Amino acid sequence: MNVLKPAVKKLSLVNKYVAILFPIVALSLSTYANAEKLAITGAQIHTMSSKGVIEQGTLLIDDGKIKQVLEGVSVPAGYTEIDAKGKVVTPGFIGALTNLGLVEVSMSAGANDARVNAHEISSVGSAYDTQYAINTDSTLIEITRLEGFTSAATGLGRTGQLFDGQGAIITLSKAFNSVVKPQAFMHVDLSSGGANKSGGSRAALWVAVNQSLREAEFAKTSDLSPNKEWHGMISRADALALGNVINGKIPLLVSANRANDILQVLSLKTDFPSLKLVLVSASDGWRVAKQIAAANVPVILDPENNLPSQFDRLGATLENAARLHAANVKISIGINTHNARLAPQHAGNAVANGLPHTAAIEALTINPATIYGVQDTLGSLEVGKQADVVIWSGDPLEVTQSALQVFIAGKAMPMESRQTKLRDRYLHRDPKLPVTYSK
C-alpha cells in the first residue's frame, strides 16, 4: 500500500486487479489530495514542448501550475513525492470537438442541450451560445475524465439551421464555473449533411453561407442598435456573432469531406482573409493535403472514418491522419459527440496506420489547444502552465493501459465514475440482498 516515509513524503503506484477485467490501476488520494506542492518522479514525461520526451524525469507542481520539468529524480524540500517510475506522464488530453456537458441520455425525456429545434430564435443559428447550457453534473464528464481528459471543446451537435452556434472550452473538473473560454469557436456543416439543411443542395448552401458572411462583414461598419432598422437575411444577433468570425477573433470550424468541398472551404480565405478556418472530418483530406497545408488550415478528424458511408466519403481511409501529417497539416483527433473518451483509442489506430506516435499525442494535447487559442495555458507541460497532468500505467494509446491519476490545476481528481461505481457495486454484491438494493 502507499506509505509516507519519515524523511521524504513519497507515494508509490500500486496495481489493483479486478476479477474478469484487465488490470485497472489506481492511486490513493488520501495523502496528497490537498497537497499544493507535488513532485512526480521517475516517469517517462511527454512534455509536448521543445524538451520532447524525457525518459526518466521529475515534474514539479506548485499551487496548481507547472513549476519545473527536470531530467532525473529530484525532490525539493516541501514537495510531496509521487513515485511514478516505469509510468508515463502526459498533459491532460483535450476533447477537440465534443458535446460534453450538453447531453446525458440523448433519447431521454427533457431538454437535450446539444440540439436546437426552435428556428425562430435565430435566423441562421450563429448566435446560439453553448456556455449557457453547460451542466457540470453530467455523469459523462467523470467518465471522460477517467480516460485522461481534463478539458474539452464542446458545442451544439445539431440545430437544423445553417450554423451550429458558438462553442466553449470547458474544464472537466466539474467545478460550477467550468467554462474556461466562452465563444471559443463557431461550427458550420458544409458537407452533404449541411446541404440537407439548406434545400437539399450545395447550390443553395453555399449561397447562404456567403451571404451570411458578407452581411456580417457589412454589419461591422453599420449601426446595429435596436432603434435602427436591419433588413439582412441574418439577424442582428447573428451578425454580431459572425463578426467575431470574420475578423478572426474565433475560429470557424467547417465540416467537409469530399475534395471539392474542402477546396471550396479553403477558397473562403480569398474573400475573407482574416478567417481562421479549421476543417472537421475531411475524409478526402489526404487527396488535397498539399492545398490544406499551404493554406495553414488545421484539421480535426476521426481517423476511424474508413468506409464510404456517404457519397462524399468515397475516399475515406485509415491512413488519412498519417497522410495529412506527412504533408505538414496540423491534425487533432476528436469525435463530434459526447463519447470523446474513445479518441485515444482512435489515435492508437492512427499510429498503427502510419501516424507517428508523437504526432498522435500532439493531436490530443497541444494541437487542439492551439486551435482554440488556449496554448499558453493548456496542452503541454511547460513552466507556468496550468498543471493538467495525467499519470498513465503505460502507453496512453494502448487500450490495455489506463490513467492512474488525473490532475486538473494541480488537484487530484477522484478516479471514479458512474460506471466504476456500478461495476464495484455489483462485482461483489451480497447475494442475500436484492439486485436493486440501495446502499
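The values are calculated or read from the model by the stated rules, or taken from the named source; none is laboratory data. Predicted, not measured: the structure shown is a model, and the values here were computed from it. Note that we place each Cβ from the backbone using ideal geometry, even for glycine, and neighbour counts take in every protein chain shown.
Residue-wise test of (1) surrounded by 19 or more Cβ atoms within 10 Å (Cβ to Cβ); (2) among the small types (G, A, S).
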| residue | (1), (2) |
| --- | --- |
| N339 | no, no |
| L342 | no, no |
| T377 | no, no |
| V390 | yes, no |
| S393 | yes, yes |
| Q405 | yes, no |
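Please work out if K174 is in a strand (DSSP E or B), surrounded by fewer than 22 Cβ atoms within 10 Å (Cβ to Cβ) and basic (K, R).
no
Is at least one residue of the range 139-147 surrounded by 23 or more Cβ atoms within 10 Å (Cβ to Cβ) and either of a type in the set (A, V, I, L, M) or part of a loop (DSSP other than H, G, I, E, B) (or both)?
The answer is yes, given that some residue of the range 139-147 is surrounded by 23 or more Cβ atoms within 10 Å (Cβ to Cβ) and either of a type in the set (A, V, I, L, M) or part of a loop (DSSP other than H, G, I, E, B) (or both).
Take the residues in the range 45-60 that are within 23 Å of the chain's Cα centre (by Cα) and in a strand (DSSP E or B), then tell me which one is farthest from A403 (Cα to Cα).
Residue satisfying both the conditions and the ranking: V53.
Give me the residue from the range 102-132 that is modelled with pLDDT of 80 or more and buried (at least 20 other Cβ atoms within 10 Å of the Cβ) and, out of that set, farthest from N244 (Cα to Cα).
That would be V103.
Any idea which of (1) in contact with a strand residue (DSSP E or B) (Cβ under 8 Å, 6 or more places away or on another chain); (2) of a type in the set (D, E); (3) farther than 19 Å from A96 by Cβ is the one E319 doesn't satisfy?
Of (1) in contact with a strand residue (DSSP E or B) (Cβ under 8 Å, 6 or more places away or on another chain); (2) of a type in the set (D, E); (3) farther than 19 Å from A96 by Cβ, only one is false for E319: (1).
Okay, residues lined up against (1) without any contact (Cβ under 8 Å) to a residue 40 or more places away in the chain; (2) under 27 Å from M413 (Cβ atoms):
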site: G125; (1), (2): no, no
site: E142; (1), (2): no, yes
site: E147; (1), (2): no, yes
site: T154; (1), (2): no, yes
site: G160; (1), (2): no, no
site: Q166; (1), (2): no, no
site: K174; (1), (2): yes, yes
site: H187; (1), (2): no, no
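Please enumerate the residues belonging to the range 148-163 that are hydroxyl-bearing (S, T, Y) and closer than 25 Å to Q345 by Cα.
Selection gives T150, S151, T154.
Go through F218, F272 for me and flag whichever is surrounded by fewer than 16 Cβ atoms within 10 Å (Cβ to Cβ) and either modelled with pLDDT under 95 or not hydroxyl-bearing (S, T, Y) (or both).
F218
Examine the range 316-323 for a residue that is closer than 25 Å to A152 by Cβ and part of a strand (DSSP E or B), and state whether such a residue exists.
Looking for residues that are closer than 25 Å to A152 by Cβ and part of a strand (DSSP E or B), one finds none in the range 316-323, hence no.
Considering every residue within the range 365-373, establish whether at least one is in contact with a helix residue (DSSP H, G or I) (Cβ under 6 Å, 6 or more places away or on another chain) and in contact (Cβ under 8 Å) with a residue 40 or more places away in the chain.
no
Looking at the range 330-342, which of its residues are outside any loop (DSSP other than H, G, I, E, B) and either in contact with a Cys (Cβ under 7 Å, 6 or more places away or on another chain) or at pLDDT below 95 (or both)?
T337, A340, R341, L342
For the range 82-101, name all the residues that are surrounded by fewer than 16 Cβ atoms within 10 Å (Cβ to Cβ) and either at positive phi or at pLDDT below 85 (or both).
G86
For V207, state whether it is crowded, with 19+ Cβ neighbours inside 10 Å, in the same structural domain as R287 (by TED's automatic domain parsing), under 24 Å from A295 (Cβ atoms) and out of contact with any helix residue (DSSP H, G or I) (no Cβ under 6 Å at 6 or more places or on another chain).
no
If S417 satisfies every condition in (1) farther than 23 Å from A321 by Cβ; (2) assigned by TED's automatic domain parsing to the domain that holds S138 but one, which is the exception?
(2)
Go through K228, K249 for me and flag whichever is under 22 Å from the mean Cα position of the chain (by Cα), surrounded by fewer than 18 Cβ atoms within 10 Å (Cβ to Cβ) and in a loop (DSSP other than H, G, I, E, B).
Sole residue among the options that is under 22 Å from the mean Cα position of the chain (by Cα), surrounded by fewer than 18 Cβ atoms within 10 Å (Cβ to Cβ) and in a loop (DSSP other than H, G, I, E, B): K249.
Which residue, of T365, T337, is under 22 Å from G52 (Cα atoms), in the same structural domain as L140 (by TED's automatic domain parsing) and hydroxyl-bearing (S, T, Y)?
T365
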